[in-house]
Amino acid sequence: MDEEGNPKKPWLEMPKEPELANYRKKRINPDTEDLSSSSSTLEDTISGSHAESILDLTPSDLACYQFELEMHQHETNRVYHEHHAIYKLKNYVLETVHPTYRMICCRPEQQIHRWYASLVARLKPSEKEQQRFDREAYKKAVEPLREEPRDWDAWITDWELAMALAKHNKVPDAEDIYEWLEDFFTVIRPYEGKWVNVIRACWAPKISNKTLDYEEVAKFFRWHTKMMMERRKDNQDSDGEDQDKSSTQPRRARKRGRRR
């Protein structure tokens, strides 16, 4: 649907079933009474007569009729699929929209695209309101963390999404590279201070030229945290092996002492 709620493509209509009456009746040889002779052609039909059953069709007409039936079934399935999708969408709207707006915007006799148009007209925020929402989402994404996240990737994804929306709606904090980059560094510095110092120096030319993109920052930090997690896991595994070795050594010493 477009912004006005009109379908980009018209709703599918139930196809018309093919009719036998559209085919001429086959001429029957009175000597053989062969109803399915493969030699029957278009000339073997009776002019002015119409088929009443598939037995009245010539082989070529029967093939055409069966093809039309298959296409009719295909188009019918498409219509049923569309109706089912609309039914599910309507139920979703009825379950998620506030009762007041359901009563005003979602009348049972109206189609779903009219519901959409009414809801957009009443609920779509203005540009200023959308900018304020995106600024609040951005501020929330760069709030100081209480503790280091177990999953840095999830935090980076949330920050990247907040940045994308904020830049799209020209939120001032996301438009100024010095502002958003410092906000980003402020959040991660307590946990990755060394990385912040190194990467700031590496990116200094891009920062001064204002060519550094937030997607590049997210990409590098995501890679860095992945490497750090793998390194920590390897260290934990090696520590566990050392503990296992140390726990077996006293037992061996005791066994040797008993033998003496």
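The values are calculated or read from the model by the stated rules, or taken from the named source; none is laboratory data. Since this is a predicted model, take the numbers as computed values, not measurements. Neighbour counts are summed over all protein chains in view; Cβ atoms, including those assigned to glycine, are modelled from backbone coordinates with ideal geometry. Remember, those area values only see protein heavy atoms, side chains included, never the ligands or the DNA or RNA. Shrake-Rupley method; radii C 1.70, N 1.55, O 1.52, S 1.80 Å.
Observations, loosely collected:
- Annotation: amide H of A51 within the under-5 Å range of Y23, R24, K25, sequence separation 5 or more or interchain, hydrogens built in the peptide plane.
- Taking amide H as placed 1.01 Å from N in the peptide plane, D213 has no amide H partner under 5 Å among residues 5 or more places away or on another chain.
- Computed over protein heavy atoms with a 1.4 Å probe, the accessible surface of segment 100-236 works out to 67 Å² per residue.
- Solvent exposure of F67, expressed as accessible area, is near 120 Å², computed with a probe of 1.4 Å over the protein chains only.
- With a Förster radius of 25 Å applied to the beta-carbon distance between E182 and M229, the computed FRET efficiency rounds to 0.45.
- List K194, K233, K206, ordered by accessible area with a 1.4 Å probe, largest first: K194, K233, K206
- In sequence order, calculated HN-Hα J values of segment 202-207 (Karplus, 6.51, -1.76, 1.60; Hz; x Gly/Pro): 5, 8, 3, x, 5, 5
- Long-range HN-HN contacts of V142 with modeled amide H, under 5 Å: none
- Whole-percent carbon and sulfur share, accessible surface of segment 88-146, 1.4 Å: 51 percent
- Extension gain, H81 back to I104 (0.36 nm per residue minus Cα-Cα distance, nm): 5.5 nm
- Calculated diffusion of segment 130-210, Stokes-Einstein form, Kirkwood radius summed over Cα pairs, 20 °C and 1.002 mPa s, µm²/s: 161 µm²/s
- In sequence order, segment 160-176 has phi-based couplings of 5, 5, 4, 5, 4, 5, 5, 5, 4, 9, 6, 5, x, 4, 8, 7, 8 Hz under the Karplus curve 6.51 cos²θ - 1.76 cosθ + 1.60, θ = phi - 60°, and Gly or Pro positions carry x.
- Semi-axis lengths, Å, segment 80-156, gyration tensor of Cα atoms, sqrt of 5 times eigenvalues: 36, 19, 11
- FRET efficiency for the pair E13 and F133, taken as 1/(1 + (r/R0)^6) with r the Cβ-Cβ distance and R0 = 41 Å, rounds to 0.50.
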